[in-house]
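**Q** Below you'll find the structure I mean.
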Amino acid sequence: MNTPDSTPLQLSYDFALDRDCTTLSRHVLAQLQSFGSDAQDLSALMTRIALAGKLIARRLTRAGLVEGALGFTGDINVQGEAVKRMDIYANEVFIAVFKQSGLVCRLASEEMEKPYYIPENCPIGRYTLLYDPIDGSSNVDINLNVGSIFSIRQQLGDDPEQTGADLLQDGHQQLAAGYILYGPSTVLVYSIGKGVHAFTLDPSLGEFILSAEDITLPSHGPVYSVNEGNLWQWDEALRDFTRYVHRHEGYTARYSGALVGDFHRILLQGGVFIYPGTLKDPKGKLRLLYESAPLAYLVEQAGGKASVGQQPLLDVIPDHLHARSPLIIGSVEDVALVQSFIEDRSRQAQEERLLEK
Ligand code: P6P
């Protein structure tokens with residue numbers, strides 16, 4: 001409000017107060033320009049996700065001081081991966097937070113083989129939360145960034161077998177998606193299909209406060225993010241791309257071992273993140289429904305691109321709940337560059353097959 005006697009100090013107070021009052025729930029309702037039941041649901045869902053983020057952030061910031069917070073449980077999860085204690089804690093947080101919500105009938109998590117039903121919510125709550133409670137958990141014990149990734153889908157039908165079969169839909173069916181990055185600050189990034197927005201946790205308020213609105217990726221960026229230790233397992237096209245960026249100015253490698261942090265860097269600075277198929281895992285390592293698809297939804301909302309190679313990632317329909325997919329995601333020009341090497345190799349292979357005939 002620019003009153004005649006407003007001083008720059010007054011203006012900065014007004015700005016700071018207005019910003020501190022732009023909480024996540026208010027932002028969602030403003031995005032939807034509605035107070036209807038669907039809008040209220042989404043706003044309430046995002047508020048619950050924020051609560052989960054606060055509880056996980058609190059545990060992470062004190063993990064080194066809390067008995068039993070770090071290290072492994074000794075179990076192997078449905079992914080065949082060693083389970084960290086923080087994976088279980090974070091998974092339980094999401095269950096506890098949504099149990100009381102009345103909104104979500106079903107949770108599908110990287111840590112649980114089958115969907116988790118919350119019967120008391122099911123007649124009313126027609127939403128499913130798909131999530132990776134702690135992504136990059138190998139970073140927890142060394143105090144490096146980790147994240148939670150989430151996706152919200154409508155529950156279609158009653159899923160009588162409780163297999164989540166109705167979730168095997170392409171990524172365009174997502175109602176909302178985002179992640180929480182636990183780094184020097186805790187940042188929640190989300191989209192409900194109206195742009196990508198970031199909120200930073202103010203621990204003194206216990207609130208996520210709007211810190212960046214309508215985030216858009218640059219069309220090109222210097223960063224390529226891939227684990228070159230797997231180079232010997234990749235298709236030749238990915239080696240061609242790697243040789244190209246090694247030999248050309250203007251590229252820099254950044255890889256943290258945690259998808260959420262690596263993606264967040266690409267979202268803000270541009271570039272490309274790649275987790276390709278390998279000889280060991282031809283479909284790649286990352287899970288489609290609760291890792292790649294939510295990030296693909298975000299990146300397209302931010303003007304970027306996500307592909308599994310030659311097919312847009314959001315078009316892919318998983319054949320089971322924990323289906324994996326290759327992931328090439330980031331700035332339009334950089335994803336296109338990776339795809340150009342894939343197309344060249346595919347054309348070359350086709351020509352060789354024709355010559356053999
Ligand atoms: P690699 C973490 O386990 C994760 O799922 C992602 O967060 C990360 O990008 C990837 O795996 C790292 O895998 O094979 O490079 O160690």
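**Q** Looking only at strands (runs of 3 or more DSSP E) that fall completely inside region 67-142, which ones have 3 or more residues that are away from the ligand (no atom under 16 Å from the Cβ) and in contact (Cβ under 8 Å) with a residue 40 or more places away in the chain?
**A** Filter on region 67-142 gives 104-109.
**Q** In region 288-303, which residue that is open to solvent by less than 10 Å² (accessible area, probe 1.4 Å) and of a type outside the set (A, V, I, L, M) is nearest to the ligand (Cβ to nearest atom)?
**A** GLU291
**Q** If you don't mind, there's one more thing I want to ask. Which of the helices (runs of 4 or more DSSP H) found entirely inside region 257-357 contain at least 3 residues meeting this: modelled with pLDDT under 95? Spell out how you get there, then give the answer.
**A** Numbers: elements: 259-269, 293-301, 332-356.
It comes to 332-356.
**Q** In the list LEU130, LEU181, which residue meets the criterion of being in the same structural domain as ALA82 (by TED's automatic domain parsing), aliphatic (A, V, I, L, M), within 17 Å of the chain's Cα centre (by Cα) and within 17 Å of MET86 (Cβ to Cβ)?
**A** Result: LEU181 is the single residue among LEU130, LEU181 that is in the same structural domain as ALA82 (by TED's automatic domain parsing), aliphatic (A, V, I, L, M), within 17 Å of the chain's Cα centre (by Cα) and within 17 Å of MET86 (Cβ to Cβ).
**Q** When you scan region 65-83, do you find a residue that is within 30 Å of LYS194 (Cβ to Cβ) and either among the basic types (Lys, Arg) or modelled with pLDDT under 85 (or both), even just one?
**A** Within region 65-83 (the criterion being within 30 Å of LYS194 (Cβ to Cβ) and either among the basic types (Lys, Arg) or modelled with pLDDT under 85 (or both)), the answer is no, since none of the residues qualifies.
**Q** Which residue is farthest from the ligand (Cβ to nearest atom), if the candidates are limited to region 224-241 and must be closer than 24 Å to LEU181 by Cβ and in contact with a helix residue (DSSP H, G or I) (Cβ under 6 Å, 6 or more places away or on another chain)?
**A** TYR224
Results for (1) surrounded by 11 or more Cβ atoms within 10 Å (Cβ to Cβ); (2) under 19 Å from SER148 (Cα atoms); (3) outside the structural domain of ARG324 (by TED's automatic domain parsing), shown as yes or no for each residue.
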| site | (1), (2), (3) |
| --- | --- |
| THR7 | no, no, yes |
| LEU17 | no, no, yes |
| VAL28 | yes, no, yes |
| GLN31 | yes, no, yes |
| SER34 | yes, no, yes |
| ALA63 | yes, yes, yes |
| ASN77 | yes, yes, yes |
| TYR89 | yes, yes, yes |
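**Q** Also, quick follow-up: Please go through region 304-320 and pick out each residue that is open to solvent by 20 Å² or more (accessible area, probe 1.4 Å) and of a type outside the set (Lys, Arg). Walk me through it before giving the result.
**A** Within region 304-320, the first condition is being open to solvent by 20 Å² or more (accessible area, probe 1.4 Å), and the residues that meet it are 305, 308, 310-312, 315-317, 319-320.
Within region 304-320, VAL308, GLN310, GLN311, PRO312, ASP315, VAL316, ILE317, ASP319, HIS320 meet the criteria.
**Q** Additional query: If VAL196 satisfies every condition in (1) within 18 Å of PHE263 (Cα to Cα); (2) open to solvent by 10 Å² or more (accessible area, probe 1.4 Å); (3) of a type in the set (Val, Ile, Thr); (4) touching a helix residue (DSSP H, G or I) at 6+ places or on another chain (Cβ under 8 Å) but one, which is the exception?
**A** (2)
The values are calculated or read from the model by the stated rules, or taken from the named source; none is laboratory data. Everything numeric in this text was worked out from a predicted model, so none of it was measured. Heads up, the Cβs are rebuilt from the backbone with ideal geometry, glycines too, and the neighbour counts pull from every protein chain shown. For accessibility, only protein heavy atoms count, side chains too; no ligands or nucleic acids. Shrake-Rupley method; radii C 1.70, N 1.55, O 1.52, S 1.80 Å.
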